[in-house]
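Enquirer: Sharing a structure with you now.
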Amino acid sequence: MGLFDAGARSDVAATVHDRVVTAANAITAVRLLGLPLFVWLTLGVGAYGMAFLVLVVVGSTDWVDGYVARRFDQVTKIGKALDPLIDRAMLATAALTLLVVGFIPVWVVVAVVARDALLLVAALVMFRGNPNIPVSRLGKFATANLLIGVPGFLLGRMDWSGADLFLGLAYGFAVVGIVAYYVAGWRYWRAARVAIRMRQAALAAGGSP
């Protein structure tokens with residue numbers, strides 16, 4: 001069992017439920033609420049240390065809600081839809097906020113935001129919405145690196161003795177994450193094209209898409 005599948009049980013068949021109120025979804029909601037708090041701490045009061053801790057909580061609970069959902073049979077349709085969207089929202093929010101205060105290079109922000117914007121436009125044009133293609137392990141790996149790298153620029157720009165070390169680590173994780181991010185995006189695009197061809201073939205045969 002891999003890190004990204006932690007909590008999965010062999011004694012219970014994997015089921016995606018229609019429920020909304022679950023412990024896993026509650027954790028997901030808390031993650032979402034942490035984003036405006038991070039923006040306020042960074043731009044409003046300049047409490048960079050607390051802002052970083054908020055990002056750590058929001059980022060780490062990405063793994064926690066997935067573990068809880070798999071371990072306690074709480075995988076839901078809404079949870080599967082929201083979880084990757086919150087990851088995208090967190091990365092975009094953190095990157096743009098740190099750009100405003102001058103803590104992160106413009107190219108990192110453009111690379112992160114542009115990839116998600118391109119995939120969003122592609123999904124809307126090709127599928128008129130979410131194509132429901134599962135997130136790949138490479139995509140999860142890329143997101144994990146970016147969830148470390150982007151907040152790392154905050155530590156790397158703060159006035160403390162470890163700033164230079166963390167700035168170097170931030171660049172390293174960000175570069176690895178961005179490269180993996182675009183490779184995963186290309187694979188996602190290819191999978192979307194295959195899904196379209198399968199849908200068209202099913203329609204041509206008189207079946208359901």
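Enquirer: By per-residue mean of other Cβ atoms within 10 Å, what is the highest-first order of 144-152, 32-40, 157-165?
Expert: With the highest mean Cβ count within 10 Å placed first, the list reads 144-152, 32-40, 157-165.
Enquirer: For helix 48-71, report the angle its Cα long axis makes with the longest principal axis of the Cα atoms of the chain; keep it between 0 and 90° and round to the nearest 10°.
Expert: Compared with the principal axis, the helix lies near 30 degrees.
Enquirer: Just to confirm a number: summing +1 for Lys and Arg and -1 for Asp and Glu over residues other than residue 16 whose beta-carbon lies under 14 angstrom from that of residue 16, what do you get?
Expert: +1
Enquirer: Treat each spin label as a single point 7 Å out from the Cα along the C-beta direction, and report the residue 138 to residue 193 distance in nm.
Expert: 1.4 nm
Enquirer: So who's got an amide H within less than 5 Å of the one on residue 17, skipping anything under 5 residues away but keeping other chains? H placed 1.01 Å off N, in plane.
Expert: Amide H neighbours of residue 17, under 5 Å, 5+ apart: 75, 76, 77.
Enquirer: Related question: Does anything in region 19-52 have its amide N under 13 Å from the 7 Å Cα→Cβ label point of residue 85, and if so which residues?
Expert: Within reach of a label on residue 85, which here means backbone N under 13 Å from a point 7 Å along Cα→Cβ, region 19-52 contributes 29, 32.
Enquirer: Between 0 and 90 degrees, rounded to the nearest ten: what's the tilt of helix 106-127 against the longest Cα principal axis of the chain?
Expert: 20 degrees
None of the figures in this text is laboratory data; all of them are computed from the coordinates on show. Computed from a prediction, not measured in an experiment: that's the story for all the values here. Counting neighbours? That spans all protein chains shown, and the Cβs are built from the backbone with ideal geometry, glycine included.
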